[in-house]
Amino acid sequence: MSDEGQGAPPEPGSPVPAGQPEIHGMAGGNGHRPPKTVDPKLLDPHGTLNAPNVFPGFNGVPFRGVIPDLKENDPDHKQPQVGVQAHVEILATNKAEDMTRYEEIMQTIGNGFGQLGAEERQYDDSIKGWRIFVRWWELYSYVPKGRVNG
């Protein structure tokens, strides 16, 4: 067997030599050969394929419970519902951990994952600071028991 006409393999992206079939697929049938390897940064520029799975939730709020196998045409009784978890806290402005907690609560509400029910402030001479009463609801979505896949 002779090696005539059997030069080195064409470079990635080079035109297809006459008499050889076009390669379809990644090249889109444009007459060029696709590169032999694709840069992983092009396939997954943000690195999400190697990141752990995160379930974003339903109805704009985090989801609690076993993740259901839902389809678009599932009846309403199978769809997740929004629930609330009530919180009542009294925080003191002279304690760093209480102020951190207050900021966390306000951030949760600001992000739309909670609602403020009541907030009252009262100056306390004994601590030379304010006491803050906060009643708020944490929002989450869930599928009621007995309604998953049934």
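We did not get these values from a lab; they are worked out from the coordinates using the rules stated. Keep in mind the model is a prediction, meaning the values are calculated, not measured.
For the stretch 76-142, what is the Kirkwood estimate of the hydrodynamic radius, computed as the reciprocal of the mean inverse distance between distinct Cα atoms, to one decimal in Å?
Result for the stretch 76-142, one decimal place: 13.2 Å.
Below 8 Å, C-alpha to C-alpha, sequence gap of six or more: please give me the relative contact order for the stretch 76-142 in percent.
On the way: 107 pairs, mean separation 31.8, N = 67.
Normalised by residue count, the contact order of the stretch 76-142 is 47 percent.
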